[in-house]
Ligand SMILES: *Cc1c(COP(=O)(O)O)cnc(C)c1O
């Protein structure tokens, strides 16, 4: 309430910035039920009030441009400003989705090129750039699996296998696509338990969804055996490639035996994300599944002209027009400014940074899997469990030190999970600062546990009802 009144509600009766003389004559033809009968209750503020209000709000934001953001699984890497420059070029920004195809060849070329770049990176044979997010790509991939089996008149395949470490969107997408989830357990190394997997296999399995490296940041070393097992029973392999950082330029999902992938270009390929979007989740497939991709996909004819096509057995359209074009454009700009041949440096640095943090903190926090990690490291809370200080407390206390907390309580199989993804764009100084702060917090947990109770202390609001904030966000004036 304090926050609302003092900072958010700045209206003062009868104060105005501008008096807009609205011409109401041309509204006289409006049907009376469309006309407002009571006065619009806008905030009554002066221009300086408005400027200060929004400028102050903008400064309360935390983002990759203001500080370290090791939110695991989210790949909060720096978003190069050149991508924004490209996306703001008027020729791209002002293009109309219904413009004649001859007038937008440049934009189609960007899409076509991006398709080719993503093919090269993943080893897939064709991409649809249409999905608007990672989870959207998952749904498309599952529809493809469904249609593939249905067109072969194989109707009993109703189950999709997912590891217990999977990202929450995986089982959700499986359910939305009308499949049942078969959960496969992880072993003590944090990877798929192949023996447990074998027990789940049958001719009712439509496929498997895997993330590799998985959400524990561990590479699935048995992937070739897994892909053979799934293919042998007639299933397909879906690759959740939301976080491709570790693999860039080092390995390809196609070589591991995957048939379908989605990529979160807003994570790996550095388009700004958070707060729900915008993103893009291009879906790539191997040759035999090309015809199932959602339309439209971009093709180039013999004369060098770009066109849109809908594949023959397409699962259909999954959104309006052509996907998030400007996000695809930023992806293209990101890959080309680095150069495909340099992409492996991203993975090397991301993996090095994660392991540097793992080793530096292992005497203070319990490392969940005692092995080399890939792009992220998962701790199981404080090493010293006697303090009673939980992962939530540590996350809240981190904010007092100006650091964005890591992802917490995910993956679900690690009880006090803290998933740290430092990404490649952070300097050693930043990592050292984070490590220092984390050590300090571990010492505080022993010596001054009281301080955690109502942390964070220095933020505008302290402990929020996070469930309510996510389910019922207040995002507008109720009385407008
Ligand atoms: C982020 C993420 C997703 C979901 O992506 P959205 O774009 O948020 O829908 C799926 N799987 C994994 C492993 C992720 O990290």
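The values are calculated or read from the model by the stated rules, or taken from the named source; none is laboratory data. Since this is a predicted model, take the numbers as computed values, not measurements. FYI the Cβ positions are ideal-geometry reconstructions off the backbone, even for glycines, and counts take in every protein chain you see.
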> For the subset of segment 44-90 comprising residues that are surrounded by fewer than 10 Cβ atoms within 10 Å (Cβ to Cβ) and farther than 27 Å from residue 280 by Cα, which member is nearest to the chain's Cα centre (by Cα)?
Replying inline: 59
> Out of all the residues in segment 318-339, is one or more in contact (Cβ under 8 Å) with a residue 60 or more places away in the chain and farther than 30 Å from residue 94 by Cβ?
Replying inline: no
> Which of the following residues is over 18 Å from residue 305 (Cβ atoms) and away from the ligand (no atom under 16 Å from the Cβ): 77, 81?
Replying inline: 81
> Can you name the number of the only condition in (1) buried (at least 23 other Cβ atoms within 10 Å of the Cβ); (2) within 18 Å of residue 137 (Cβ to Cβ) that residue 192 fails?
Replying inline: (2)
> Residues of segment 142-184 being surrounded by fewer than 23 Cβ atoms within 10 Å (Cβ to Cβ), in a loop (DSSP other than H, G, I, E, B) and over 24 Å from the mean Cα position of the chain (by Cα), which ones?
Replying inline: 152, 153, 154, 155, 156, 158
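Taking residue 41 as the residue in question, decide whether it is modelled with pLDDT under 85, within 24 Å of residue 462 (Cβ to Cβ), within 41 Å of the chain's Cα centre (by Cα) and loosely packed, with under 12 Cβ neighbours inside 10 Å. Explain how you work it out, then say what you get.
Working: modelled with pLDDT under 85: yes; within 24 Å of residue 462 (Cβ to Cβ): no; within 41 Å of the chain's Cα centre (by Cα): yes; loosely packed, with under 12 Cβ neighbours inside 10 Å: yes.
No; evaluated as a whole, the condition is false for this residue.
Among the residues of segment 146-160, how many are touching a helix residue (DSSP H, G or I) at 6+ places or on another chain (Cβ under 9 Å) and away from the ligand (no atom under 16 Å from the Cβ)?
8
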> Only one of (1) touching a helix residue (DSSP H, G or I) at 6+ places or on another chain (Cβ under 9 Å); (2) outside any helix (DSSP H, G or I) fails for residue 38. Which number is that?
Replying inline: (1)
> Taking the condition without any contact (Cβ under 8 Å) to a residue 24 or more places away in the chain and more than 13 Å from residue 272 (Cβ to Cβ), does residue 54 pass?
Replying inline: yes
> Across segment 7-29, which residue is modelled with the lowest pLDDT among those that are out of contact with any helix residue (DSSP H, G or I) (no Cβ under 6 Å at 6 or more places or on another chain) and surrounded by 10 or more Cβ atoms within 10 Å (Cβ to Cβ)?
Replying inline: 7
> Is it the case that some residue within segment 114-125 is surrounded by 14 or more Cβ atoms within 10 Å (Cβ to Cβ), in a helix (DSSP H, G or I) and within 16 Å of the ligand (Cβ to nearest atom)?
Replying inline: yes
>> With the condition being in contact (Cβ under 8 Å) with a residue 24 or more places away in the chain, I'd like the helices (runs of 4 or more DSSP H) fully within segment 361-480 carrying at least 1 qualifying residues.
In response: 391-400, 428-447
> If only one of 403, 394 is modelled with pLDDT under 95 and not assigned by TED's automatic domain parsing to the domain that holds residue 212, which one is it?
Replying inline: 403
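Going residue by residue through segment 182-201, is there one that turns out to be over 22 Å from residue 378 (Cβ atoms) and within 15 Å of the ligand (Cβ to nearest atom)? Please lay out each step first, then the result.
To start, the set of residues in segment 182-201 that are over 22 Å from residue 378 (Cβ atoms) comprises 182, 195, 198-201.
Applying the additional criterion that residues be within 15 Å of the ligand (Cβ to nearest atom) yields none.
No, the conditions are met nowhere in segment 182-201.
May I ask you to list the residues in segment 241-260 that are more than 22 Å from residue 345 (Cα to Cα) and in a strand (DSSP E or B)?
The initial filter retains those residues of segment 241-260 that are more than 22 Å from residue 345 (Cα to Cα), namely 257-260.
260, the sole residue that qualifies.
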> Give me the pairs: first residue in segment 250-275 and farther than 22 Å from residue 126 by Cβ, second residue more than 14 Å from the ligand (Cβ to nearest atom), beta-carbon distance under 6 Å, and six or more apart or on different chains, which are they?
Replying inline: 250/344; 250/347; 270/79; 270/334; 272/79
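Among what's in segment 221-240 and is touching a helix residue (DSSP H, G or I) at 6+ places or on another chain (Cβ under 7 Å) and within 13 Å of the ligand (Cβ to nearest atom), pick the residue that is nearest to residue 348 (Cα to Cα). If you could, list the steps in order and put the result at the bottom.
Let us first name the residues in segment 221-240 that are touching a helix residue (DSSP H, G or I) at 6+ places or on another chain (Cβ under 7 Å), namely 222, 225-226, 229, 236-238, 240.
So of that shortlist, the ones also within 13 Å of the ligand (Cβ to nearest atom) come out as 238, 240.
Working: 238: 25, 240: 20 Å.
Here the residue is 240.
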